[in-house]
1. Within region 231-260, take every residue that is crowded, with 20+ Cβ neighbours inside 10 Å and touching a strand residue (DSSP E or B) at 6+ places or on another chain (Cβ under 6 Å) and give me the one that is farthest from residue 149 (Cα to Cα).
2. Of these, 535, 497, which one is surrounded by 24 or more Cβ atoms within 10 Å (Cβ to Cβ), closer than 19 Å to residue 641 by Cα and either touching a strand residue (DSSP E or B) at 6+ places or on another chain (Cβ under 9 Å) or in the same structural domain as residue 617 (by TED's automatic domain parsing) (or both)?
3. Return the residues of region 189-207 that are within 21 Å of the chain's Cα centre (by Cα) and assigned to a helix (DSSP H, G or I); say none if nothing qualifies.
4. Of all residues in region 410-453, which are more than 30 Å from residue 385 (Cα to Cα), touching a helix residue (DSSP H, G or I) at 6+ places or on another chain (Cβ under 7 Å) and assigned to a loop (DSSP other than H, G, I, E, B)?
5. Let me confirm something: among 540, 579, which residue is surrounded by fewer than 16 Cβ atoms within 10 Å (Cβ to Cβ) and not in a strand (DSSP E or B)?
6. Can you tell me which residue is surrounded by the fewest Cβ atoms within 10 Å (Cβ to Cβ) among those in region 135-152 that are in a strand (DSSP E or B) and out of contact with any helix residue (DSSP H, G or I) (no Cβ under 7 Å at 6 or more places or on another chain)?
7. So is residue 402 assigned to a helix (DSSP H, G or I) and at pLDDT 95 or above or not?
């Protein structure tokens, strides 16, 4: 039998042996053999395991079924789950940070939907099952690769400041009362930006959708109506935010029990109000959230002045006109070559794309292949001291420029009015020369492009998620979506968490010298982000798709994406290994992070929940010797990676996917087995 040939396909010789006995011998005393017509055998039909996962016994499991091995079954948020294996699919794939959302997107692809269609279904479910990270009233950035036109389009669904906002919007209640908004800027109405994600998805669907818009919200509606179980990350978020949630009547009723305690892991939640919103969006389009009753109630919640307990809340100044006038935007992605590859990422108002490409542009001047991790395993192996040193130093330089120069370019231009000023090869070589292989620079200085506005953003976000999608036609979505901090502003309307995205602006409108901050609040402006949905192509332009990735993580997103891209392109790690690899890197500070949640980092417990900070880990010791101040605090990336590779024949290709073991996500696609 030929290799990989199904058992029921027999060669002529094998067929004669099966009909006439071994060797065709005569067992009928010399009489002609009696040939009995063979019984008709129906070849087994290939079992379609598309959009299914497998339990430890390799039995197909429907996600959300509750059967043994169902990845949607609630479990404690463990920090890092070892043993994630690479998933391979023939032609379509979804990787998202919650199993139920992954399943919703995969089912759309299975039905013939485009990557844009699947993104809508994923978002509709994420806003329900992952409200600590995503929301219908949040924001997002998306890259979309159209396989027919070989074009990468960036979509901007970032929230905006209201028309009535001033430079002091986040630091003063008003000119007459120059005190901080209460109970804090985040928990006040001042933090809530005009949402953009649904307008953005509607725009992308108009450009690239195949299925009817109304048919993309069914799974989200079903789960909101029938219920879903609280997972580990959501349970932890509710428990950690219970005091703040109690200020809002709707949030209290939804997340807390009658005694005011956080609803626990595994409890079933239904959200009929959310289901009603999805039904309205399905029939009316995004207008359902931007005009009419739902919009009126969102505005009323933003402008609320008193909490349930009677304490004051500083209201936001958002109006119905702010919602009605919101516009998603098509933007040109930021793209550059890196070695033999062409990489595109998100343009401003996100600083993520420039940060990623600047880091890679600097690293292109070093032999990173020589720094491939050692002892490579399912978890990505152990990074080398020099590998972490070079990447971290490059990121310090990239963050220095990002911090000073990047903001919403509709308001503040980049140096030279172009991202190229910050990522061109000549400038990258000059920046690379600032790296000393024998010691850390600590804090890097930005490049000198003359007197320009500044804006430093050190916001730590925990309310963000990411997903990557490839459809049957080879179209690709990589999208990062956010409510900003965990559970956003703690305000809830119609079953939806409202964001606190405006706290991504610089609180102060000017720096210490009185110069305007690039990332200051201005009416209609979008706060700077670090989100970096990223695509990689073979060659010098889009066309030969190789990789899609991205991550949540606030200001550390750049580090997570760079680590994953370098892991795949320079170190030869597969999609899961590159995703699982130790999270490491640096902002522009003296601290270098090495994710201590990873099993390949040695940390000795000291009791009372403390450890030795990796004091005996060779990687930590090596970095310390180079002058790095190393933090081994747990990282909370949520990387979702798809890489296209050659199939076993070498003449075609398959999709491989990796889900971050630090979150609850999974990979699903059209896996068909005989």
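1. 248
2. So the residue among 535, 497 that is surrounded by 24 or more Cβ atoms within 10 Å (Cβ to Cβ), closer than 19 Å to residue 641 by Cα and either touching a strand residue (DSSP E or B) at 6+ places or on another chain (Cβ under 9 Å) or in the same structural domain as residue 617 (by TED's automatic domain parsing) (or both) is 535.
3. 197, 198, 199, 200, 201, 202, 203, 204, 205
4. 414, 419, 449, 452
5. 540
6. 151
7. Here the answer is no, as residue 402 does not meet what is asked.
Table: residues versus (1) crowded, with 18+ Cβ neighbours inside 10 Å; (2) in contact with a strand residue (DSSP E or B) (Cβ under 6 Å, 6 or more places away or on another chain); (3) in a loop (DSSP other than H, G, I, E, B); (4) at negative phi.
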residue	(1), (2), (3), (4)
165	yes, no, yes, yes
168	no, no, yes, yes
180	no, no, yes, yes
187	yes, no, yes, yes
214	no, no, no, yes
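The values are calculated or read from the model by the stated rules, or taken from the named source; none is laboratory data. Since this is a predicted model, take the numbers as computed values, not measurements. Every residue, glycine among them, receives a Cβ derived from its backbone with ideal geometry; neighbour counts consider all protein chains shown.
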